[in-house]
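Visitor: If you scroll down you'll find the structure; I have some questions about it.
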Amino acid sequence: MNKRGTIEDVALLAVILFASGVALMVGYYAFGSVLDKLITSPATNTSEKAVTVWQDTKTKLMSKFDFIVFGIFIAITLSIIVSGYFVGGRPEFMFFYFLALILIVIVSSIIAYVWSVFSVGNAISTYVGSAMAITNHLLLYLPVYVAGVGLVGMIVMFIQPRT
């Protein structure tokens with residue numbers, strides 16, 4: 001039987017957050033560069049309305065990129081909690097869950113370090129700046145969030161009344 005709500009979902013949270021953060025940061029840089037070229041190109045800025053459309057696209061659409069990672073974080077966190085409650089578990093295995101959680105927190109600290117190196121001091125990071133503040137915060141403090149979600153998932157999964 002393919003159960004969900006296990007410790008693997010906590011590891012999946014760290015990997016998906018990192019992958020989506022990197023993809024959206026690169027996408028933000030690429031999309032912003034393309035829109036800058038479209039705004040300054042004489043072929044596409046034939047009227048004032050065209051320039052306004054490109055500028056509005058850049059400001060309104062690209063400001064939503066940061067919330068995508070936050071939405072993914074909330075969705076996976078809720079799925080871990082809800083599925084952990086419905087799957088349940090035997091309290092004898094809580095020790096092994098905790099050991100696996102420690103390993104996942106160590107791996108997520110490596111992921112957070114990789115993010116800190118990636119997000120500081122390159123062309124993409126200077127262009128993005130503070131536009132992706134939520135993503136930057138989530139990924140810099142990824143071990144804390146992974147530990148919190150993992151502990152809540154463990155409590156919900158293993159400590160529930162048996163009928």
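Visitor: Condition first: of a type in the set (Lys, Arg) and within 20 Å of the chain's Cα centre (by Cα). Now tell me which residues in segment 60-107 satisfy that. Please lay out each step first, then the result.
Guide: Of segment 60-107, the ones of a type in the set (Lys, Arg) are 60, 64, 90.
Residue satisfying the conditions is Lys64 alone.
Visitor: Same structure again: Among helices (runs of 4 or more DSSP H) lying entirely in segment 10-123, which contain 1 or more residues that are without any contact (Cβ under 8 Å) to a residue 24 or more places away in the chain and under 26 Å from His137 (Cα atoms)?
Guide: Numbers: elements: 48-56, 65-87, 94-118.
Those helices (runs of 4 or more DSSP H) span 65-87, 94-118.
Visitor: Further question: Within segment 77-86, identify whether any single residue is under 21 Å from Thr6 (Cα atoms), surrounded by fewer than 17 Cβ atoms within 10 Å (Cβ to Cβ) and among the polar types (S, T, N, Q), and answer yes or no.
Guide: Checked against the condition, which is being under 21 Å from Thr6 (Cα atoms), surrounded by fewer than 17 Cβ atoms within 10 Å (Cβ to Cβ) and among the polar types (S, T, N, Q), segment 77-86 yields at least one hit.
Visitor: What's the number of the condition Asn2 fails, among (1) in contact with a helix residue (DSSP H, G or I) (Cβ under 8 Å, 6 or more places away or on another chain); (2) closer than 20 Å to Thr77 by Cα; (3) modelled with pLDDT under 85?
Guide: With respect to (1) in contact with a helix residue (DSSP H, G or I) (Cβ under 8 Å, 6 or more places away or on another chain); (2) closer than 20 Å to Thr77 by Cα; (3) modelled with pLDDT under 85, Asn2 is out only on (1).
Yes/no per residue for (1) more than 30 Å from Asp36 (Cα to Cα); (2) among the β-branched types (Val, Ile, Thr):
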| residue | (1), (2) |
| --- | --- |
| Phe96 | yes, no |
| Leu101 | yes, no |
| Val105 | yes, yes |
| Phe118 | no, no |
| Gly121 | no, no |
| Ser125 | no, no |
| Asn136 | no, no |
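Visitor: Working only within segment 139-154, note down all residues that are farther than 23 Å from Phe118 by Cβ and buried (at least 17 other Cβ atoms within 10 Å of the Cβ).
Guide: Across segment 139-154, the qualifying residues are Gly150, Gly153, Met154.
Visitor: Give the number of residues within segment 86-107 that are closer than 10 Å to Met157 by Cα and hydrophobic (A, V, I, L, M, F, W, C).
Guide: Number of matching residues: 3.
The values are calculated or read from the model by the stated rules, or taken from the named source; none is laboratory data. These numbers come from a predicted model, not from an experiment. As a convention, Cβ positions derive from the backbone with ideal geometry for all residues, glycine included, and neighbour counts pool all protein chains shown.
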